[in-house]
Amino acid sequence: MNTVPPDLTSAYPEIFLLAMVCVVMLADLVAGEKRRYVAYYLAQLALLGCALLTFTSLSTETSYTFSGMFVDDPMSDILKLLVYGTVVSVLVYSREYISSRGMYTGEFFSLILFATLGMMVMISASHFLTLYLGLELLSLSLYALVALRRDTVIATEAAMKFFVLGALASGFLLYGMSMVYGATGSLHVAVVSEAIKSGVLSHEVLVVGLVFIVAGISFKLSAAPFHMWAPDVYQGAPTAVTLFISSAPKLAAFGFVMRLLVEGLGEMVADWQGMLIILAVMSMAVGNLAAIAQTNVKRMLAYSTISHMGFLILGLISADWNGYSSAMFYTMAYVLMTLGTFAIIMILSRDGFEAENINDFKGLNKRNPWYAFITMLLMLSMAGIPPMIGFYAKLSVLQAVLNAGFVWLAVVAVLLSVIGAFYYLRIIKLMYFDEPESFDPISPQTDVKVLITINGVAVLAFGLFPQTLMALSLYAIERSM
Amino acid sequence: MTFQDIVFYFFAIILILSALGVITSRNPVYSALLLVLSFVTCAGLWLLLEAEFLAITLVLVYVGAVMVLFLFVVMMLDINLDRLREGFWKWFPFGALIAIVLVAEMAMVLMGGNFGLDQMPAPSPQAADYSNTKELGRLIYTEYVYAFELAAVILLVAMVAAIALTLRKRMDKRSPDPSKQVAVKSEDRLRIVKMASERKE
């Protein structure tokens with residue numbers, strides 16, 4: 001009964017991160033109240049180390065380890081690098097915010113790193129068990145992060161909703177997976193795919209499983225009609241946590257969908273295509289229409305996220321390389337935009353004041369023209385106006401949809417995003433044409449200033465030269481699928 | 001009817017009766033004890049399925065730990081039985097409906113064409129010296145080691161989250177700090193002052 005020990009080399013980033021989380025926790029304990037920055041810098045160091053480990057071992061081929069539970073391919077490497085970058089930016093942006101609100105603790109950083117580990121596991125999972133465990137690792141850390149300010153009623157309420165609905169979604173997902181397991185007799189993504197391809201299995205059981213899996217996924221993606229938690233959680237969570245929830249996990253969710261639906265259940269494309277069309281149309285409609293009525297920026301951005309997720313799903317519908325890579329490109333663009341927008345909200349807030357109302361953007365141009373300009377770039381990009389990155393993201397998704405022959409779907413998507421442009425443009429109007437309500441100086445730390453500028457410029461630069469990111473996502477999809 | 005069938009029906013009847021007793025018994029202590037009985041008979045059924053390890057775990061964890069705690073709570077709390085039974089008959093039809101639906105669904109799944117015995121035949125029984133526990137241990141530490149480690153990380157997250165959410169340092173609380181107590185020296189507590197002796201005049 002000799003067993004070969006698993007090849008650990010491709011899992012070095014995960015192992016390193018786990019070790020570093022433990023170091024962060026212990027170091028924070030030793031450093032004590034006065035030296036919280038130790039945890040911050042160690043967390044950044046951990047992410048940089050992971051990036052280095054992933055970057056030095058970029059794979060061009062697909063390789064499996066841990067008896068086929070862990071997959072290492074170009075898509076996983078690229079998504080992981082993007083996740084590190086996103087989490088580093090999240091930490092830089094939120095440092096001031098959390099330190100002025102009593103959240104500058106070791107737990108904040110260790111939970112963020114645990115969530116990052118969960119995302120990495122999801123991205124390179126090739127087994128239903130690891131897909132689920134990665135998702136739970138991510139979700140549990142997020143529930144705790146939302147509830148971290150437990151003295152705030154609204155945050156506690158948001159955490160409860162998030163937890164209960166998230167647990168329900170996990171239940172859906174597990175039920176669907178168990179049905180697929182019952183039909184195929186395996187949990188390995190590749191084996192499941194082979195078994196379905198053979199065509200001797202009961203289609204009935206597989207479809208029942210698929211319905212539950214799609215429902216669970218759309219819960220996690222916050223796609224309508226499973227979006228109810230998103231506005232409450234976005235509004236209730238501390239802005240630093242909202243920034244985190246709305247950015248990096250979407251990259252992981254994209255990887256999760258690719259592994260589960262495309263690699264595992266790709267043979268059932270005829271069945272899930274219809275479900276995804278309903279999800280996409282509903283998400284775009286609900287997200288864009290409900291966002292118009294919001295006066296709270298975080299709530300508005302939650303609905304905007306829902307509509308963006310609709311677009312992401314739209315990219316998957318065409319079920320070919322072009323579609324998948326356009327969905328990946330859309331995810332990258334979305335993460336870039338959402339990072340910048342929440343960062344702006346955070347620098348407008350200060351101790352004891354949350355810039356949550358859209359009126360807080362009034363006259364931003366008079367208070368600080370540069371941040372007003374960056375916000376304008378971000379809003380134009382979200383609305384999908386050229387030459388921002390958001391335009392090319394929408395364009396590539398729509399091209400994929402048209403190639404797949406769904407002309408009506410493209411028309412609906414365009415109409416709904418025109419409606420959606422209203423609430424993005426309203427912010428620009430408030431910034432440039434209204435009088436400011438307060439003249440408090442906006443003076444973030446230097447690292448935040450630099451990063452926010454890079455972020456805003458990137459939205460424009462990648463919009464002018466979208467080829468690099470598009471080529472990157474096409475490469476990742478072609479080499480991995 | 002083989003011996004195994006007889007054992008199965010024996011356990012199954014006790015299981016159903018004790019489960020019914022859990023919800024119909026007037027005394028919560030009896031209910032808890034009947035739940036213990038149903039767990040033990042359930043473990044017997046699992047033994048029949050050659051899942052020895054799970055059967056033992058069920059007895060150890062549920063009967064040994066969870067139910068004992070449960071009994072403690074039931075005995076410690078002053079439960080008003082009449083209040084507890086209020087509305088039983090009002091909600092009975094609803095509960096019964098759910099139970100019937102559950103039974104019907106299970107029957108449809110197990111007797112239908114998709115998961116019936118012809119689709120998934122019973123696995124051939126293992127030899128008498130085959131160790132279920134050993135096999136489980138081998139799999140967990142070889143094939144499933146990655147998932148096993150991930151489960152451990154999830155438990156660690158649960159610990160961190162629970163402590164981060166519930167640990168509250170109270171400023172108004174006055175409690176001794178053991179590390180300070182240990183580090184104390186006699187000079188800190190007692191000051192010997194030299195002074196001239198006093199004399200009664």
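Give me the residue from segment A:115-158 that is at the interface with chain B (Cβ under 9 Å from one of its Cβ atoms) and under 16 Å from A:ALA230 (Cβ atoms) and, out of that set, surrounded by the fewest Cβ atoms within 10 Å (Cβ to Cβ).
A:TYR143
Does at least one position in segment B:117-125 carry a residue that is away from chain A (no Cβ under 14 Å), assigned to a loop (DSSP other than H, G, I, E, B), loosely packed, with under 11 Cβ neighbours inside 10 Å and among the acidic types (Asp, Glu)?
Checked against the condition, which is being away from chain A (no Cβ under 14 Å), assigned to a loop (DSSP other than H, G, I, E, B), loosely packed, with under 11 Cβ neighbours inside 10 Å and among the acidic types (Asp, Glu), segment B:117-125 yields no hits at all.
Please go through (1) within 14 Å of chain A (Cβ to nearest Cβ); (2) under 31 Å from the mean Cα position of the chain (by Cα); (3) of a type outside the set (Val, Ile, Thr) for B:PRO93 and return the number of the only condition it doesn't satisfy.
Every condition holds for B:PRO93 apart from (1).
So is A:PHE16 in contact with a Cys (Cβ under 9 Å, 6 or more places away or on another chain) and of a type in the set (A, V, I, L, M, F, W, C) or not?
Taking the combined requirement at face value, the residue satisfies it.
Every residue in segment A:104-114 that is buried (at least 24 other Cβ atoms within 10 Å of the Cβ) and either at the interface with chain B (Cβ under 7 Å from one of its Cβ atoms) or not in a helix (DSSP H, G or I) (or both), please.
Result: A:SER110, A:LEU111, A:PHE114.
For segment B:166-201, name all the residues that are hydrophobic (A, V, I, L, M, F, W, C) and part of a loop (DSSP other than H, G, I, E, B).
B:LEU167, B:MET171, B:VAL184, B:LEU190, B:ILE192, B:VAL193, B:MET195, B:ALA196
Would you be able to say whether some residue in segment A:199-206 is in contact (Cβ under 8 Å) with a residue 24 or more places away in the chain, over 30 Å from A:ILE292 (Cα atoms) and within 14 Å of another protein chain (Cβ to nearest Cβ)?
yes
So that you can scan it fast, the table gives a plain yes or no per residue for (1) under 25 Å from A:MET470 (Cβ atoms); (2) without any contact (Cβ under 8 Å) to a residue 40 or more places away in the chain; (3) surrounded by fewer than 21 Cβ atoms within 10 Å (Cβ to Cβ):
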residue	(1), (2), (3)
A:LEU48	no, no, yes
A:GLY68	no, no, yes
A:TYR84	yes, yes, no
A:VAL87	yes, no, no
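Mind listing whichever residues of segment A:291-315 are in contact with a Phe, Trp or Tyr (Cβ under 7 Å, 6 or more places away or on another chain) and under 25 Å from A:THR468 (Cα atoms)?
A:HIS308, A:PHE311, A:LEU312, A:GLY315
Filter segment A:214-239 for residues that are buried (at least 24 other Cβ atoms within 10 Å of the Cβ) and of a type in the set (Gly, Ala, Ser) and give the result.
A:GLY216, A:SER218, A:SER222, A:ALA223, A:ALA224, A:ALA230, A:GLY236, A:ALA237
Do we find that B:VAL101 is part of a helix (DSSP H, G or I), modelled with pLDDT of 90 or more and within 14 Å of another protein chain (Cβ to nearest Cβ) in this structure?
No; evaluated as a whole, the condition is false for this residue.
Check A:ILE427, A:ILE419 and return the single one that is buried (at least 22 other Cβ atoms within 10 Å of the Cβ) and in a helix (DSSP H, G or I).
A:ILE427
I'm checking my understanding of the structure. Among residues of segment A:181-194 that are more than 13 Å from chain B (Cβ to nearest Cβ) and without any contact (Cβ under 8 Å) to a residue 12 or more places away in the chain, which one is surrounded by the fewest Cβ atoms within 10 Å (Cβ to Cβ)?
So the residue we want is A:GLU194.
Just the residues that are more than 8 Å from chain A (Cβ to nearest Cβ), free of Cβ contacts under 8 Å to residues at least 12 places away in the same chain, of a type in the set (A, V, I, L, M) and touching a helix residue (DSSP H, G or I) at 6+ places or on another chain (Cβ under 7 Å), please, taken from segment B:126-175.
Within segment B:126-175, B:ILE140 is the sole residue that qualifies.
Can you give me the number of residues within segment A:61-94 that are within 14 Å of chain B (Cβ to nearest Cβ) and out of contact with any Phe, Trp or Tyr (no Cβ under 7 Å at 6 or more places or on another chain)?
Selection size over segment A:61-94: 4.
Does segment B:161-201 hold any residues that are at pLDDT 85 or above and among the hydroxyl-bearing types (Ser, Thr, Tyr), and which are they?
Correct list: B:THR166 only.
Restricting to segment B:126-165, name every residue that is outside any helix (DSSP H, G or I) and surrounded by 16 or more Cβ atoms within 10 Å (Cβ to Cβ).
Scanning segment B:126-165 gives B:THR142, B:GLU143, B:TYR144.
The values are calculated or read from the model by the stated rules, or taken from the named source; none is laboratory data. Fair warning: this is a prediction, and the values are worked out from it, not measured in the lab. Glycine also receives a Cβ, built like all others from the backbone with ideal geometry; neighbour counts cover every protein chain displayed.
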